[in-house]
Amino acid sequence: MPEQPSAANHDSTANGAAGGAPPPPTAAGTQPAPDPESVVDRPLLLLAGTVVLGAVMVILDTTIIAVATESLSRQFDTSLSTISWVTTGYLLALAVVIPLAAWSCQRFGATRMWNTSLVLFTLGSALCGTAWSAGSLIAFRVLQGIGGGLIMPICMTLLAAAAGPKRLGRVMAIIGVPSLLAPVFGPVIGGLIVDNLDWRWIFFVNLPVGAIALLASLRVLPRDDRGSASQRLDIPGLLLVSPGLALLVFGLSEAGNGGGFGAARVVVSVVVGVVLVTAFVGYALRRRDGALLDMRLFRYRSFSVASVATLVIGAVLFAAMFLVPLYFQIVRGYSALEAGLYMAPQGLGAMVAMAIAGRVVDQRGARSVVPLGLLLTLLGTLMWTQVDGDTNSALLIVSLFVRGLGFGASMMPAMTAAYTSLPPVSVPQATTTLNILQRIGGSLATALVAVQLQHGITERIPTAGGAEDGATMLETAAQAGLPAPIANQIGEAFGETFWWVIGLSVIGFVASLFLPNAPASQAAGRQGLSLIQISQPTTTS
């Protein structure tokens, strides 16, 4: 039999596991002091609240502008296809600048770049509010998009750096709240502004929020954020990945705007975009260090699986956020404000689930909650595959609440899982990559369901065969109210399209089963994150 250790040996072994020093004595009957690295304290909450202000501003702006397209078209006396560039130009700016987020944090420091991005976005908003033509508005939206593209990845970098592995799930849930609530309340706020105020207030509303966020940043964020002068910009990588992503986003946007996936400009843009992005991946894998995006992060299994889950969750969220308000406005004849109010249960469900999911992820790991969240999302979406012109509204509200529970339990926990096995120096690169995947997933899914919805409607109503004719018919029908037979037919087209959302949910559910099932603090080789490491990284080998 193996020799049993003596009591003395056992005591020395226990002490050795603690670094050679005996544990501090505690009074009888008292609990040991909580680990300060696992407590979400006031300074961390202040930092999280500060950066969330910027995130709220960007996400709300994206959703508010969606309800103002028709108003802007009338204001500038231009076509809907021209005014759609107010959104497309913004998205292209995001695609170009997001890959620069990690490098800019490393080169100039995360806090400095955060303040710069706030200034750019707020300045762009002010200029958009003073636009005198469609062309000037599009140009100012590009400037606004440059700031907006930097805000979200830098926000997540700052949160991941300050939280550390033991608090990451709870803190990332904080940033998830505006991500899910803004698409719900954005159209409501936009509808109120368009109906009751001048269109310029769609952009001017950002000014006080931006000013408050900047002042809070100067008071709260750490200032030991000097960056690394040795961090050089990867010019060849930039020339490959930024145009590639921009072309992908443009092609997908054009497909969703009525061109369809078979249109020449869509095919050319998507194909060239894929070629450029693929060339960048090969280039980045061959380069030993300093690539604009570190493709070797995908050698970490948890990051790869979490990336797939993040892309799919983003796709499911944005696809449904496109379809659900449109269903209420077209099929049920509701106003933009009413449609936005009907989306509120999804936001409430997300808030309920996020309050629980973040703590569970910190204690047990992402696999404990993300599959359940995606299953709830799938079940909540299933009701929408059966809609027609007079589906019971109470059932739709309940299904949206269930979907909200699913998103609250899956979106930010999946992103949190991506960080569990990464070295601290890789956090900015990982954050940038995850943001790109979310943008691509959302753009692809929105284009996919837009094309499928148009196809389903034209199958049932041949007079809506052309994109422009269909848009005119639907706009007129929404204002006058659809006859019951037509409303049922269009409602069935929506239901058929939601099966694509179900398919995406299934893919996400399968991917989530492979997420790590241990909290970040127990990941092998994981060290605590510090803002100094993020702001002054060494070159990744």
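What follows draws every value from the coordinates through simple rules; no lab data is involved. This one's a predicted model, so the numbers in the text were calculated from it and none came from an experiment. All Cβ positions, glycine included, derive from the backbone under ideal geometry; neighbour counts span all protein chains shown.
Applying 0.36 nm per residue to the separation of GLU338 and LEU513 and subtracting their alpha-carbon distance, the gain on full extension is 59.3 nm.
Shape analysis of the stretch 303-388 places it in the prolate category; the axes a ≥ b ≥ c from the Cα gyration tensor give an a/c of at least 1.5, with a/b above b/c. From least to most packed, judged by other beta carbons within 10 angstrom and beginning with the fewest, MET354, MET383 follow the order MET383, MET354. Loop-located trypsin sites (Lys or Arg not before Pro) in the stretch 269-349 (DSSP state other than H, G, I, E, B) with a sparse environment of at most 11 neighbouring Cβ atoms within 10 Å: ARG288. How are the Cα pair distances of the stretch 234-291 distributed, in percent, across 10 Å bins from 0? Over the stretch 234-291, the share of Cα pairs per 10 Å bin runs 27, 42, 22, 9, 0 percent. For the stretch 293-527, calculate the relative contact order in percent as a whole number, restricting contacts to Cα pairs under 8 Å that are 6 or more residues apart. Result for the stretch 293-527 is 39 percent. With viscosity 1.306 mPa s and temperature 10 °C, the Kirkwood radius over alpha carbon pairs of the stretch 293-527 converts through Stokes-Einstein to a diffusion coefficient of 85 µm²/s. A Förster radius of 22 Å, combined with the Cβ-Cβ distance separating LEU233 from THR278, puts the computed FRET efficiency at roughly 0.55.
Full extension of the chain between GLN75 and VAL506 gives 150.8 nm of extra length, using 0.36 nm per residue less the Cα-Cα distance.
Taken as Cα centroids, the stretch 276-325 and the stretch 340-406 sit 25 Å apart, rounded to the nearest whole angstrom. Efficiency by 1/(1 + (r/R0)^6): what FRET value for ALA139 and ARG288, r their Cβ-Cβ distance, R0 = 56 Å, to the nearest 0.05? So, using R0 = 56 Å, E works out to roughly 0.90. Ordering PHE261, PHE76, PHE498 from the fewest to the most neighbouring beta carbons within 10 Å gives PHE261, PHE76, PHE498. Each peptide among 508-516, 444-452 gets the average number of other Cβ atoms lying within 10 Å of its residues, and from highest to lowest they stand as 444-452, 508-516.
Using the Karplus relation 6.51 cos²θ - 1.76 cosθ + 1.60 with θ = phi - 60°, the per-residue 3J(HN,Hα) values for the stretch 114-129 come to 4, 5, 5, 5, 4, 5, 4, 5, 5, 4, x, 5, 4, 5, 4, x Hz, with x marking Gly and Pro. Distance between the modelled labels on ARG364 and ILE212, one decimal in nanometres: 3.7 nm (7 Å Cα→Cβ projection).
Across the stretch 235-252, coupling constants 3J(HN,Hα) worked out from phi with the 6.51/-1.76/1.60 Karplus curve, θ = phi - 60°, read 5, x, x, 4, 5, 8, 7, 5, x, x, 5, 4, 5, 4, 4, 4, x, 5 Hz, and Gly and Pro carry x.
For the stretch 293-527, the dipole from Cβ point charges (+1 on Lys and Arg, -1 on Asp and Glu) about the Cα centre works out to 1240 debye, to the nearest 20.
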